[in-house]
Amino acid sequence: MRVVSGCLCGINCKYNGANNRHEKFIKELRAGQLLPLCPEQLGGLPTPRSACEIVGGSGEDVLAGRARVINTAGEDVTECFIKGAQEFLAIIKQAGIDEAVLQRRSPSCGVGKIYDGSFSGHLVSGDGVTTALLKKHGIKVWNDEDYLQDKGEC
Ligand code: SF4
């Protein structure tokens, strides 16, 4: 069993109320191999919601108090992102899950690359807040693209 970003399984949990559905994940979900979760919803944020980016660093920096998560309205939503990451981790620990497949570039789920905080589409190296917390706790984290490539899906 792996945990997966809910939006990859067709759940409309993205900031704009849409999803990132991919048939491979639907197939694995139906086979009982995936647990879909959305850390931003677990953190109490509404859907739809304003787009958010990490300003001043990566998810690891957010967890260390060196960076913040800000939305396009200029609101600081850092605490919701940290709470969502903690809830996400608590659920998967309860379920005995030690592997995750997460949506690339998200300020929560991003793996290896995230937007730079300028809301201009520029990417920088780093993980989202949930990914950073999972890695700290020894969870293996794939980004969705690498996972699909590994499975020969793209
Ligand atoms: S927080 Fe993660 S699961 Fe939720 S919509 Fe964003 S990328 Fe998908």
query = Which one is farthest from Lys140 (Cα to Cα) among residues in the stretch 1-37 that are surrounded by 17 or more Cβ atoms within 10 Å (Cβ to Cβ) and polar (S, T, N, Q)?
reply = Asn19
ask   = Taking the stretch 11-31 as the region of interest, how many residues are farther than 21 Å from Asp150 by Cβ and among the small types (Gly, Ala, Ser)?
value = 2
key: Boolean, Gly32 is more than 12 Å from the chain's Cα centre (by Cα), touching a residue at least 40 places away in the same chain (Cβ under 8 Å) and in a loop (DSSP other than H, G, I, E, B)   = no
note = Residue pairs qualifying under the 8 Å Cβ cut-off, at least six apart or on distinct chains, with the first in the stretch 96-124 being among the acidic types (Asp, Glu) and the second being within 11 Å of the ligand (Cβ to nearest atom), are Glu99/Val3
query = Residue check, Ile26 against (1) touching a residue at least 40 places away in the same chain (Cβ under 8 Å); (2) more than 14 Å from the ligand (Cβ to nearest atom); (3) of a type in the set (Val, Ile, Thr); (4) within 25 Å of Glu99 (Cβ to Cβ), all met but one. Which one?
reply = (1)
request  = Tell me, yes or no, whether the stretch 101-113 has at least one residue that is within 11 Å of the ligand (Cβ to nearest atom), among the charged types (D, E, K, R), out of contact with any Gly (no Cβ under 7 Å at 6 or more places or on another chain) and closer than 21 Å to Leu29 by Cβ.
outcome  = no
ask   = Residue check: is Arg68 at pLDDT 95 or above, more than 12 Å from the ligand (Cβ to nearest atom) and among the charged types (D, E, K, R)?
value = yes
Residue identified as within 13 Å of the ligand (Cβ to nearest atom), assigned to a loop (DSSP other than H, G, I, E, B) and touching a residue at least 60 places away in the same chain (Cβ under 8 Å) among Asn20, Asn16 = Asn20
query = Before we move on, is Ala73 out of contact with any helix residue (DSSP H, G or I) (no Cβ under 7 Å at 6 or more places or on another chain) and away from the ligand (no atom under 16 Å from the Cβ)?
reply = yes
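The values are calculated or read from the model by the stated rules, or taken from the named source; none is laboratory data. Please read all numbers here as calculations on a predicted model, not as lab measurements. Please note: Cβ atoms are built from the backbone with ideal geometry, for glycine as well, and neighbour counts cover all protein chains shown.
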